[in-house]
């Protein structure tokens, strides 16, 4: 680096210092900030096996190496579940690339009514690729524990429904190495989920 005429060593040191600081600010500014709630550190998840809407057993490890979006809900849910699935569909439809590496897993908390055929028809209305799981409720409750999710019946008087299920409304993002990294509350923005997915997919490809 050539010094201007009359420049001294102190001036050069100041210039170099500003360059280093500027470079550090640029790096900091480019750091990605997740839109979902981050678990630090990400929590390792145990494998599980439940019955899929196809009638076949399904294990979480079957999608290891890809991203999984796990949701605990039920087909009779009047609002939260269908709205969340619609938001997930919107987020995925807008992905520029890597859509095939994101698996949506809908686990029923109402196995009495959510038989495999019922669950299959329900999810097909959102996206045929969505994976529906149902099984004995005791098995489902064990699966929910590592996610911090819950579900319980709530009797509804004067309704043909008989009962509803009070349940967690969060969407859980599981990383390719099967760790719980992000959680999204009910009402999250589809573009926020899409942004996080796009970032994670780009990191896998880099």
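Coordinate-derived values only; no laboratory data. These numbers come from a predicted model, not from an experiment. Here the Cβ positions follow ideal geometry from the backbone for every residue, glycine too, while neighbour counts run over all protein chains shown.
Structural remarks
- Cα gyration tensor category, rounded, prolate or oblate, for segment 37-205 with a/c compared to 1.5: prolate
- Square roots of five times the Cα gyration tensor eigenvalues for segment 124-179, Å: 26, 17, 11
- With each label modelled as a point 7 angstrom along the Cα→C-beta vector, the residue 164-residue 32 pair spans 3.7 nm.
- Three-way shape label, segment 97-149, alpha-carbon gyration tensor, a/c 1.5: oblate
- The modelled label-to-label distance between residue 54 and residue 124, using points 7 Å beyond Cα along the C-beta direction, is 1.4 nm.
- Rounded, prolate or oblate (a/c below 1.5 giving rounded, otherwise prolate when a/b exceeds b/c) for segment 39-127 by Cα gyration tensor: oblate
- Centroid-to-centroid separation of segment 57-117 and segment 141-206 [C-alpha atoms, Å]: 9 Å
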